[in-house]
Amino acid sequence: MYLSARHDFLISTQNADGGWGYFPGKRSWMEPTAYAVLSLHGVAGAESHLSQARKLVHSWRQPDGSYHPSSQVQESTWVTALGVLLDSIDRDQRALQSTDWLVGLRGSESRLAVRLANFFHLTDIPLDLAHPGWPWFPGNSSWIEPTCHTLIALKKAASLHRSYRLLSRIQEGEIMILSRRCRDGGWNAGTPVALSYDLRSYPECTAFALLGLQGRSTGEFPQALQVAETMHRDTKSSLARAWLAIALRVYGRQPATPMEDLPSSRDILLTALQALGHPEGNHRLLHPGVPHPGGVA
Amino acid sequence: MKLKRRDFIPLAAIGVASGYASLRPEEEPEPLSDGPPGKSPVAILRAKSYSDDLAARMYAGIQECGLDARGKRVLLKPNLVEFDSATVINTDAMVVAAAYEVFQKLGAAKVVIGEGPGHRRDTLDLADDAKYRATVSRFEDNFVDLNRDDVSTVRNFSQEKEFYFANTILGADLIVSLAKMKTHHWAGVTLSMKNLFGLVPGSVYGWPKNKLHYIGIPESIVALNRLFRNTFAIVDGVVGMEGNGPIQGTPKPLGVLVMGRDLVAVDATCCRIMGVDPEKVEYLRMAADLGHVKPDHIDQRGENIASVHSDFRLAPDFAGLRLS
């Protein structure tokens with residue numbers, strides 16, 4: 001009932017253009033559309049809805065392989081990772097060009113001038129700037145969440161085509177995530193320390209980090225799964241709980257199953273994620289499904 | 001060349017860097033502009049606790065400042081930051097509820113509450129945790145997550161040719177900044193002007209809104225306030241935050257609401273109440289052509305500053321901002 005109610009809600013809120021907005025009646029965006037597609041993947045009766053959605057998603061694809069986050073936004077952003085993820089699941093070769101775009105994108109902290117400034121102690125950034133992740137928006141810095149979305153997508157794309165460049169870029173991103181872990185064992189947006197104060201982790205970012213690090217030995221992030229389980233139990237954020245359920249399940253953990261009669265939210269992204277994180281949901285689609293490229297260089 | 005710590009804000013605030021653009025030498029400050037002609041009314045009203053009749057005080061303050069909200073589409077913009085209802089991080093729900101009631105009473109055509117938090121993505125649950133849903137009548141029908149609203153572009157925001165904002169904001173006739181009176185470890189203070197950071201959509205720029213760090217924090221504060229001129233401020237200083245704000249500071253009971261149409265003057269007044277010299281606050285210096293920083297250009301209504309003043313503990317880097 002929980003899962004079917006969410007699937008029904010998603011199908012009933014699909015826009016005429018084939019996509020989903022963040023809320024019913026709002027214009028379509030890549031993020032809720034991508035997660036609605038993943039949630040409805042393989043669901044009986046959803047085929048025509050999915051095919052319409054894929055058409056819209058591909059209409060946001062640019063000649064260089066990157067994706068716009070909606071028809072309203074004319075710049076390509078982190079959502080390119082979602083395009084790669086969907087195309088990789090469909091084994092659509094268009095994922096390869098988009099993968100190249102993502103591999104070439106890096107956080108601006110990796111610019112030489114910035115690294116030199118840090119090397120000569122003109123700054124006191126207690127972070128590893130040599131291993132960039134990915135930004136939300138080109139030209140900006142790396143953050144945990146876009147880095148993890150990209151890692152999930154690139155690892156999935158590696159099942160279509162593996163190259164040294166792709167695998168080494170994946171490793172760079174993983175090292176960035178490992179280096180940004182908070183002292184409490186989880187992750188926040190990407191700043192574990194500020195002005196010498198330890199900052200606390202966020203549950204949703206901890207879930208993203210775990211998803212991005214799939215394939216690595218959990219010994220490299222000890223206690224993180226236990227931290228995530230505690231967060232899943234205690235968080236007041238429904239969105240964070242949904243992400244944590246997905247992350248814990250791909251690691252084979254069994255977080256508490258939500259009450260079957262828990263009503264759907266009007267938040268479409270949340271609804272899609274709750275469906276994905278259900279024991280019978282499609283959370284496995286976020287599993288890389290390929291052997292890991294290797295350990296830390 | 002001497003570099004100050006805050007010159008590295010774009011690097012440190014984000015933990016990483018765009019960096020070199022901000023490596024500028026410390027310069028003698030230019031003389032402060034007198035601002036626009038005339039004086040700006042700013043009302044300071046006492047409210048000892050959140051159980052006081054906040055709506056009555058707000059109504060009185062708004063009348064003192066001569067705001068006409070009749071027929072306007074009003075967006076109330078609280079400061080929602082973090083899931084931590086036991087602390088004073090967020091604008092108090094009672095202040096939001098009172099403002100919602102007052103602007104309806106003032107004849108606004110529509111009153112909407114909107115926020116786009118900088119770090120947390122679950123805006124509705126954040127509002128719920130801050131007790132907005134339980135306190136504000138028909139909250140969910142009138143709340144917009146500005147991070148995930150539909151968007152349109154505006155031209156010439158700061159140095160950006162085009163910049164995206166939520167359609168709810170662009171459709172508002174009046175934006176009311178319902179800010180919290182707090183210290184801030186990057187900007188010195190966070191008041192009504194910085195509260196407009198929440199107008200920038202996360203769906204385009206991410207969480208945090210890193211694009212603003214690259215523009216520069218003071219520069220972004222001023223650019224937002226230069227773009228949105230149809231504004232009014234109500235600052236929640238009933239209980240503020242001092243020390244390592246805006247998240248990890250400690251409560252500072254002060255018992256005031258500060259309001260006005262000139263957000264520069266409201267923030268300058270809040271600074272003086274907090275024991276901060278507004279003429280040393282970088283974003284206020286930069287905004288001195290938009291509104292009034294100097295006290296002789298601010299028409300103080302209600303309480304006077306001396307009667308409510310209480311020094312806020314400042315982050316060590318900002319000790320130099322102390323009002324002498």
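The values are calculated or read from the model by the stated rules, or taken from the named source; none is laboratory data. Treat the numbers as computed from the prediction; the structure is a model and nothing was measured. Using ideal geometry, Cβ is built from the backbone for each residue, glycine included, and neighbour counts are taken over all protein chains shown.
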Query raised in the report: Of all residues in the stretch A:223-261, which are of a type in the set (K, R) and touching a residue at least 12 places away in the same chain (Cβ under 8 Å)?
Result: A:R233, A:R241, A:R249, A:R253
Report summary line: Over the stretch B:133-181, the set of residues over 19 Å from the mean Cα position of the chain (by Cα), under 30 Å from A:G139 (Cα atoms) and at pLDDT 95 or above is B:R148, B:D149, B:D150, B:V151, B:S152, B:T153, B:V154, B:F163, B:Y164, B:N167, B:G171
Requested in this report: Answer yes or no as to whether A:D261 is of a type in the set (D, E) and more than 11 Å from chain B (Cβ to nearest Cβ).
Outcome: yes
Report summary line: If you go through B:A56, B:A21, B:A60, B:A86, the only one that is modelled with pLDDT of 95 or more, more than 20 Å from the chain's Cα centre (by Cα) and surrounded by fewer than 16 Cβ atoms within 10 Å (Cβ to Cβ) is B:A56
Query - Residues that are of a type in the set (G, A, S), in a loop (DSSP other than H, G, I, E, B) and in contact with a Pro (Cβ under 9 Å, 6 or more places away or on another chain), drawn from the stretch A:163-189 - result: A:G185, A:G186, A:A189
Query - Of all residues in the stretch A:98-118 being within 25 Å of A:N188 (Cβ to Cβ), part of a helix (DSSP H, G or I) and within 14 Å of chain B (Cβ to nearest Cβ), the one that is modelled with the highest pLDDT - result: A:S108
Query - A:L211 being buried (at least 21 other Cβ atoms within 10 Å of the Cβ), within 13 Å of chain B (Cβ to nearest Cβ) and within 18 Å of the chain's Cα centre (by Cα) - result: no
Report summary line: Those residues of the stretch A:14-35 that are away from chain B (no Cβ under 14 Å) and either surrounded by fewer than 20 Cβ atoms within 10 Å (Cβ to Cβ) or of a type in the set (A, V, I, L, M, F, W, C) (or both) come to a total of 1
Report task. For the stretch B:143-165, name all the residues that are out of contact with any Ser or Thr (no Cβ under 9 Å at 6 or more places or on another chain) and within 9 Å of chain A (Cβ to nearest Cβ). Result -> B:S152, B:T153
Report summary line: Note on the stretch A:214-238: residues away from chain B (no Cβ under 14 Å) and acidic (D, E) are A:E220, A:E229
Requested in this report: Select, from A:H121, A:H161, the only residue that is within 28 Å of B:D317 (Cβ to Cβ) and at pLDDT below 90.
Outcome: A:H121
Query raised in the report: Does the stretch A:226-238 contain any residue that is small (G, A, S), at negative phi, in a loop (DSSP other than H, G, I, E, B) and touching a helix residue (DSSP H, G or I) at 6+ places or on another chain (Cβ under 7 Å)?
Result: yes
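Quick grid of which residues meet (1) buried (at least 24 other Cβ atoms within 10 Å of the Cβ); (2) under 14 Å from A:V103 (Cα atoms); (3) aliphatic (A, V, I, L, M); (4) touching a residue at least 60 places away in the same chain (Cβ under 8 Å):
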residue	(1), (2), (3), (4)
A:G133	yes, yes, no, no
A:P138	no, yes, no, yes
A:S141	yes, no, no, no
A:T147	yes, yes, no, yes
A:L154	yes, yes, yes, yes
A:A157	yes, yes, yes, yes
A:H161	no, yes, no, yes
**Report entry** Matching residues, the stretch B:280-295, being surrounded by fewer than 17 Cβ atoms within 10 Å (Cβ to Cβ) and touching a residue at least 40 places away in the same chain (Cβ under 8 Å)
**Finding:** B:D289, B:K294
Report summary line: Counted residues in the stretch A:49-97 being surrounded by fewer than 20 Cβ atoms within 10 Å (Cβ to Cβ), more than 14 Å from chain B (Cβ to nearest Cβ) and of a type in the set (D, E) come to 3
Query - Pairs, first without any contact (Cβ under 8 Å) to a residue 12 or more places away in the chain and more than 9 Å from chain B (Cβ to nearest Cβ) in the stretch A:182-201, second surrounded by 15 or more Cβ atoms within 10 Å (Cβ to Cβ) and acidic (D, E), C-beta under 6 Å, six or more apart - result: none
Query raised in the report: Out of the stretch B:293-324, which residues are of a type in the set (G, A, S) and in contact with a Ser or Thr (Cβ under 7 Å, 6 or more places away or on another chain)?
Result: B:A315
Query - Hey, A:V250 under 13 Å from A:G281 (Cα atoms) and β-branched (V, I, T) or not - result: yes
**Report entry** Hits in the stretch B:117-142 - residues which are more than 12 Å from chain A (Cβ to nearest Cβ) and buried (at least 20 other Cβ atoms within 10 Å of the Cβ)
**Finding:** B:Y132, B:V136, B:F139
Query raised in the report: Inside the stretch A:167-208, can you point out the residues that are of a type in the set (A, V, I, L, M), more than 21 Å from A:S108 (Cβ to Cβ) and modelled with pLDDT of 95 or more?
Result: A:L167, A:A207
**Report entry** Extreme residue, surrounded by the fewest Cβ atoms within 10 Å (Cβ to Cβ), among residues of the stretch B:168-194 that are in contact with a strand residue (DSSP E or B) (Cβ under 9 Å, 6 or more places away or on another chain) and under 13 Å from B:I217 (Cβ atoms)
**Finding:** B:H184
Report task. Check whether at least one residue in the stretch B:166-179 is within 30 Å of B:P316 (Cα to Cα) and either of a type in the set (A, V, I, L, M) or in contact with a Phe, Trp or Tyr (Cβ under 6 Å, 6 or more places away or on another chain) (or both), and report yes or no. Result -> yes
